[in-house]
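Bear in mind that the values in this text are calculations on the coordinates, not laboratory data. Remember, it's a predicted structure, so these values are computed and weren't measured experimentally. Please note: Cβ atoms are built from the backbone with ideal geometry, for glycine as well, and neighbour counts cover all protein chains shown.
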Amino acid sequence: MKIFITGATGYIGGSIAEKLVAAGHTVTGLVRSEEKARLLKARGIEPVSGTLDDSDLLASAARAADATIHTASADHPGSVVSLVTALERSGKLFIHTTGSAIVADHADGEYAAETPLDEDSYFDPVPYRRPRVDMNRYVRQAAIEKGLRAIVICPAMVYGTGRGLHPDSEQIPGLIGLSRHAGAGVYFGKGLNVYSNVHIDDLVDLYLLAMEKAPGGSFFFAENGHNSFREIAGMISTLPELDGRTTSLPLETIIQSRGEAGRLGVASNSYVRAANARRLGWSPHGPSLAEWFREMIREGQPRS
């Protein structure tokens, strides 16, 4: 197959692209600079130079491919509309990537969600994440109303070393950086809030499985475990320079630096269950977050 990927230089998109190239597919990837175009080409990925705002370019690249995987941004509705519109009545595959922060709350570290949400659970999104929820609905409805095989994949907190140009995720390295600055593994409030998580290799496997088997209109959470942020702080504290120390930071520190996105990313509950993915046949096998930390520390310190 010929597959067009936005975010092909990123953590998730780059990891998917590498796996698809290894499997013998022809992959094109959106890039914003000549330097990254050269790096993609060296990896066997044909670069398409442009940005998410280049609607005609996106449309042309999507129409030229057998399938399109959108991983560049969950918060750029114009690109999603451009890609869906380009693929109307084609029957082609379109996978949109969102994130489990759509179910985030305002726990602010003070309490843990008691039960996970699966793909059929009702939830009322916080106002900041309503646009993502609306975009996910738009993509899924396109499978019915616009004649393409549109699918949404919704990863929880992703960890592990990626295979693309950017091997690191955002949340865990960000927490490691904050912890090193504070001299202790950090959490916010009481750190009781729970976030589900998934290893990058397992997430990539889900994309490939969905390409093969998932019907249009499908929605998949991707998770293989969960932890409270206080537990994550304990994992980070095993870095030699932190010597087992943990500490609570005021919520205002993350709000001042990262705004509402930062608040929801480290102080909310995002506790989900990947029921649909497992019904599809997805069988995650990567190390748990705690196991991954132990592996990284044995091999050398995790990057931040």
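Mind checking the range 160-259 for GluC sites (Glu not before Pro) that DSSP puts in a loop (not H, G, I, E or B) and that have at most 14 other Cβ atoms within 10 Å?
Answer in residue order: Glu170.
In percent, what relative contact order does the chain have, based on Cα pairs under 8 Å that are 6 or more apart in sequence? Kindly include the intermediate steps, with their values, before the conclusion.
Working: 663 pairs, mean separation 61.1, N = 304.
In percent, rounded to a whole number, it is 20.
Select from the range 77-122 those GluC sites (Glu not before Pro) which occupy a DSSP coil region and have at most 14 other Cβ atoms within 10 Å, ordered by residue number.
Passing sites in the range 77-122 are Glu88, Glu110, Glu114.
Using a Debye calculation, one point per C-alpha and no hydration shell, please list log10 I(q)/I(0) for the range 2-299 at q = 0.07, 0.13 Å⁻¹ in order.
The computed values of log10 I(q)/I(0) come out as -0.26, -0.91.
Count of lysine pairs in the range 2-299 with Cα atoms under 30 Å apart, counting only pairs 8 or more residues apart in sequence or on different chains?
Step by step, the pairs that qualify in the range 2-299 add up to 17.
Between Ala275 and Glu46, 0.36 nm times their residue separation minus their Cα-Cα distance comes to what?
78.9 nm
Do you know the relative contact order of the range 133-285, to the nearest whole percent, from alpha carbon pairs under 8 angstrom that are 6+ apart?
The value is 31 percent.
Restricting to bridges with both residues inside the chain, how much of the DSSP beta-bridge set is antiparallel, in percent to the nearest 5?
10
Quote to one decimal, in nm, the extra length available between Leu208 and Ser90 on full extension: 0.36 nm per residue of separation minus the C-alpha distance between them.
40.4 nm
Given 0.36 nm per residue, what is the gain on full extension from Ser288 to Glu252 after removing their alpha carbon distance, in nm?
Length difference between fully extended and current span is 9.9 nm.
When ranked by the protection proxy of mean other Cβ atoms within 10 Å per residue, highest first, what sequence do the peptides 98-105, 129-136 form?
98-105, 129-136
If the only charges are +1 at each Lys and Arg Cβ and -1 at each Asp and Glu Cβ, what is the size of the charge dipole of the chain around the Cα centre, to the nearest 20 debye?
Dipole size: approximately 560 debye.
Less than 14 Å Cβ to Cβ from Val27, Lys/Arg counted +1 and Asp/Glu -1: what total charge do the surrounding residues give? If you can, show how the numbers build up before the last one.
Working: positive: Lys2, Lys19, Lys41, Arg43, Arg163; negative: Glu18, Glu46, Asp66.
Net charge around Val27: +2.
What FRET efficiency do you get for His106 and Glu34 if R0 is 41 Å and r is their Cβ-Cβ distance, rounded to the nearest 0.05?
FRET efficiency, His106 to Glu34: 0.40.
Taking the Cα-to-Cβ direction at Ser55 and at Arg298 and moving 7 Å from each Cα, how far apart do the two end points lie in nm?
The modelled label-to-label distance comes out at 5.3 nm.
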